[in-house]
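**Student:** Can you read through this structure? Questions will come right after.
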Amino acid sequence: MYKEIKGLEGRYSVNEDGNVFSHRRGIRLKPGLAGGYHCVKLAGKDRRVHRLVAEAFLPNFLDKPQVNHIDGNKQNNALSNLEMATASENATHAFKMGLSPKGENHGRAKLSNEDVTTIKRLLLKGETNISIAKKFGVGDTAISKIKLGQRRN
């Protein structure tokens with residue numbers, strides 16, 4: 001069953017499987033990808049399909065601002081795979097599912113895994129945190145955390 005998209009009534013509809021239909025063109029729109037999410041252009045604006053499905057079909061009594069993909073797959077926009085979430089709930093879910101980037105794959109990582117291995121060797125040789133930090137362009141706190149096993153073991 002298709003439901004009309006709020007604000008675009010009579011022009012576009014979405015169903016529980018994440019299919020978006022254009023009434024004017026009489027076709028199902030083929031989504032593109034943006035940031036790993038399916039998107040469609042509606043009235044000149046890119047819209048994420050999972051958000052369209054959630055807004056059409058999911059009650060949001062608690063006024064949660066985000067849509068979470070239960071199975072962790074950003075491209076599975078079926079209603080049965082979506083739930084409303086807070087930012088904290090969404091981040092916790094991503095972490096539990098192993099979807100959060102870690103180590104050198106994290107967007108703010110300054111050190112590669114190879115750098116960390118080298119730092120550990122230098123620490124074993126007795127080099128100071130400050131001298132190692134200068135070599136790698138990081139703060140001595142980062143070196144201390146590696147030394148204490150609080151970062152990337």
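**Student:** Being more than 21 Å from residue 36 (Cα to Cα) and either of a type in the set (Phe, Trp, Tyr) or touching a residue at least 12 places away in the same chain (Cβ under 8 Å) (or both) narrows it down to one of 64, 145, so name that one.
**Tutor:** Details: 145 fails: either of a type in the set (Phe, Trp, Tyr) or touching a residue at least 12 places away in the same chain (Cβ under 8 Å) (or both).
After ruling out the rest, the residue left standing is 64.
**Student:** Report the residue count in segment 61-82 for those that are crowded, with 16+ Cβ neighbours inside 10 Å and of a type in the set (Gly, Ala, Ser).
**Tutor:** Of the residues in that region, 1 qualify.
Per-residue answers, yes or no, for (1) surrounded by 14 or more Cβ atoms within 10 Å (Cβ to Cβ); (2) in contact with a strand residue (DSSP E or B) (Cβ under 7 Å, 6 or more places away or on another chain); (3) not aliphatic (A, V, I, L, M):
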| position | (1), (2), (3) |
| --- | --- |
| 49 | yes, yes, no |
| 59 | no, no, yes |
| 84 | yes, yes, no |
| 87 | no, yes, no |
| 114 | no, no, yes |
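**Student:** What pairs come out if I take residues in segment 70-88 that are part of a loop (DSSP other than H, G, I, E, B) and pair them with residues that are small (Gly, Ala, Ser) whose C-beta lies under 7 Å away, six or more apart or interchain?
**Tutor:** Sorted first by the residue in segment 70-88, then by its partner, the pairs are 74/36; 77/18; 78/18.
**Student:** Also, I was wondering about something else. Run down 127, 89, 83 and say which single residue is out of contact with any Lys or Arg (no Cβ under 6 Å at 6 or more places or on another chain), of a type in the set (Asp, Glu) and modelled with pLDDT under 95. Full working, then the answer.
**Tutor:** Working: 89 fails: modelled with pLDDT under 95; 83 fails: modelled with pLDDT under 95.
The unique qualifying residue is 127.
**Student:** Next up: Which residue is nearest to the chain's Cα centre (by Cα), if the candidates are limited to segment 18-39 and must be in contact (Cβ under 8 Å) with a residue 24 or more places away in the chain and surrounded by 11 or more Cβ atoms within 10 Å (Cβ to Cβ)?
**Tutor:** 37
The values are calculated or read from the model by the stated rules, or taken from the named source; none is laboratory data. Being a predicted model, the structure only gives us computed values, none of them experimental. Here Cβ is always computed from backbone atoms with ideal geometry, including for glycine, and neighbour counts include all displayed protein chains.
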